[in-house]
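The values are calculated or read from the model by the stated rules, or taken from the named source; none is laboratory data. Predicted model, so just to flag it, every value in this text is computed and none were measured. When we count neighbours, we look across all protein chains shown, and the Cβ atoms used for this are built from the backbone with ideal geometry, even at glycine. Side chains are part of the model used for accessible areas, which takes the heavy atoms of the whole protein and leaves out ligands, DNA and RNA. Shrake-Rupley method; radii C 1.70, N 1.55, O 1.52, S 1.80 Å.
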Amino acid sequence: MTTLKDTQLSALEQAALAALPAADELAGRFPVVGNIPLADEAHYAQVMESLRFGTFFGDHMARAVWKEGEGWDNYELTGYAPLSMDPSSAVFHYGQAVFEGLKAYRHADGSVWTFRPQFNAARFNASARRMAMPELPVEDFIGSIVDMVRADKRWVPSGEGTSLYIRPFAIATERSLGAHPAHEITYMCIGSPSGPYFTNGFAPVSIWVTRDYHRAGPGGTGEAKCSGNYAASYMPQKLAAERGHEQVFYVDVSGTYIEELGAMNAMAVMKDGTIRTPRLTGSILEGGTRGAIIQLMRSLGRNVVEEDIALDELIDGVQSGDVTEIFGCGTAAVVTPIGRLEGEGFDVSVPSGPVAKEIFDRLTAIQYGHAEDKFGWMYKLSD
């Protein structure tokens with residue numbers, strides 16, 4: 001296994017190195033409860049022939065409940081179905097909710113694997129701490145994925161670029177209008193058979209750079225994967241779409257340094273081959289794909305620098321040729337090249353280059369079992 005020295009890794013990346021028990025040892029923590037109806041073959045075939053991202057769902061979901069003074073209990077695997085919740089449930093009023101996103105990949109031999117689940121478990125708990133919610137034991141988090149995916153194994157597609165997108169999440173379900181951390185939290189894990197995130201495939205996207213809206217600020221919830229961060233991003237996303245752009249690029253509250261690209265981390269490739277990415281300041285969500293790219297590229301001898309990157313410097317670099325590529329990275333799309341940046345006072349075309357495509361090809365080859373996993377990133381969920 002290839003790793004970096006621990007001193008070079010963030011707390012989440014450190015946690016991602018932890019060894020996990022085999023899936024067989026974690027299976028059964030979320031036992032099936034009740035008679036779960038399964039989708040008929042006609043519906044199943046229709047879904048699998050028309051895969052889109054996050055539109056269709058499997059037959060099962062994992063569930064657990066936490067109560068103040070009692071801890072986590074009621075672990076179960078039930079049928080995927082609408083929820084019955086009280087109108088006063090705290091999540092509706094105060095937005096106390098966190099979530100994660102990862103994928104299950106079917107390999108050529110029929111086995112099913114996922115990518116760096118320890119990272120997602122650690123980030124889930126870091127987000128929960130920030131939102132004053134209880135942490136879920138890592139082995140229970142992974143166990144919920146194992147049980148849900150095994151029950152819904154037929155929903156893991158095998159086509160190029162397809163996967164079962166996995167969405168673990170926790171919400172405040174206490175019946176109360178009191179403005180306080182909820183005394184009851186419900187955890188769930190659902191799966192969505194999905195095609196590629198961007199329907200146009202590996203093609204450059206156009207980006208609107210906003211200085212009017214900020215994704216997060218110092219001391220806020222920027223480094224937590226919480227629902228409110230995404231709701232707050234929809235207005236600038238809507239404005240970007242009205243201008244003909246697919247995504248939004250955010251800068252920090254000073255309007256100086258780039259931070260995130262929509263729901264992705266951002267990276268720039270320099271003329272000398274160096275890859276630069278914004279350092280983690282507390283207002284940027286640390287991505288597992290970001291960390292994997294840093295490790296992968298450094299293992300190949302490429303210089304990767306985590307540092308503040310001024311927007312003006314980035315634009316000047318594109319215009320002068322010092323910046324040869326810009327791309328976003330995240331679980332859903334893996335790597336997305338940027339072809340255009342527009343903002344107040346500038347509109348520049350970004351050249352396409354080989355580095356983003358190389359990273360995409362190398363990562364997806366590992367994820368789908370076409371290349372050796374030298375980093376120990378892949379975790380086998382099912383034979």
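Return one number: the angle in degrees, 0 to 90 and rounded to the nearest 10, between the long axis of the Cα atoms of helix 117-130 and the longest principal axis of the Cα atoms of the chain.
Tilt of helix 117-130: around 90 degrees.
Starting from the Cα of Lys357, draw a straight line to each of the lysines and keep only those under 24 Å, dropping any in the same chain fewer than 8 residues away.
Lys103, Lys271, Lys374
Looking at the P(r) of segment 292-336, how many percent of alpha-carbon pairs lie beyond 11 Å?
74
Which percent of the accessible heavy-atom area of the chain goes to carbon and sulfur, probe 1.4 angstrom?
50
Report the charge-dipole magnitude of the chain in Debye, nearest 20, computed about the Cα centre from +1 at each Lys and Arg Cβ and -1 at each Asp and Glu Cβ.
Approximately 240 debye in magnitude.
Amide H to amide H, which residues 5 or more places from Val32 or on other chains are under 5 Å from it, using H placed in the peptide plane?
Amide H neighbours of Val32, under 5 Å, 5+ apart: Leu77.
Which one of Asn303, Asn265, Asn125 has the biggest mean-square fluctuation once the chain is modelled by GNM with Cα springs under 10 Å?
Asn303
Expressed as a whole percent, how much of the Cα-Cα distance distribution for segment 325-383 exceeds 13 Å?
Distances greater than 13 Å cover 68 percent of the Cα pairs.
Compute the relative contact order of the chain as a whole-number percentage, counting only Cα pairs closer than 8 Å that sit 6 or more residues apart in sequence. Please list the in-between numbers first.
Numbers: 781 pairs, mean separation 73.4, N = 383.
Reported as a whole number, the value is 19 percent.
Which log10 I(q)/I(0) values does the chain give at q = 0.07, 0.14 Å⁻¹ under the Debye formula, counting every alpha carbon as one identical point scatterer?
For the chain at q = 0.07, 0.14 Å⁻¹, log10 I(q)/I(0) is -0.32, -1.31.
DSSP beta bridges in segment 167-289, what fraction antiparallel, as a percent rounded to 5?
So the antiparallel bridges in segment 167-289 amount to around 75 percent.
Considering the convex hull of the alpha carbon atoms of segment 236-383, report its projected area averaged over all viewing directions, in nm², one decimal.
About 9.9 nm², averaged over all directions.
Tell me which aspartates and glutamates have Cα within less than 14 Å of Lys225's Cα, excluding those fewer than 8 residues away on the same chain?
Glu100, Glu135, Glu260, Glu286
Of all the Cα-Cα pairs you can form in segment 1-112, what percent are over 25 Å apart?
Details: 3013 of 6216 pairs.
Result for the distance tail: 48 percent.
Quick check for you: with a 1.4 Å probe and neighbouring chains kept, what is the accessible area per residue of the chain, in Å²?
Accessible surface, normalised per residue, equals 43 Å².
Comparing Gly201, Gly143, Gly369, which has the greatest mean-square fluctuation in the GNM of the chain with Cα pairs linked when under 10 Å apart?
Gly201
Report, for the chain, the % of DSSP beta bridges that are antiparallel, rounded to 5.
85
On C-alpha positions alone, give me the angle between the axis of helix 288-299 and the longest principal axis of the chain, in degrees, nearest 10.
That helix lies at roughly 50 degrees to the long axis.
Within 14 Å, Cβ to Cβ, of Glu344, how many net charges do the neighbouring residues add up to if Lys/Arg are +1 and Asp/Glu are -1?
Details: positive: Arg211, Arg243; negative: Asp212, Asp312, Glu342, Asp347.
My count for the surroundings of Glu344 gives -2.
Using θ = phi - 60° and the Karplus curve 6.51 cos²θ - 1.76 cosθ + 1.60, what whole-Hz ³J(HN,Hα) does each residue of segment 28-35 get, with Gly and Pro shown as x?
x, 5, 10, x, 5, 10, x, 8
On C-alpha positions alone, give me the angle between the axis of helix 227-242 and the longest principal axis of the chain, in degrees, nearest 10.
50
Grab the other residues whose beta carbon is less than 14 angstrom from that of Lys374, score K and R as +1, D and E as -1, and report the net.
Within the 14 Å Cβ shell, the charges total +1.
What number comes out for the charge environment of Val253, summing +1 per Lys or Arg and -1 per Asp or Glu over other residues with Cβ under 15 Å away?
Spelling it out: positives minus negatives among the neighbours equals -4.
Hey, in the GNM for the chain with a 10 angstrom Cα cutoff, which one of Phe249, Phe56, Phe327 fluctuates hardest?
Phe56
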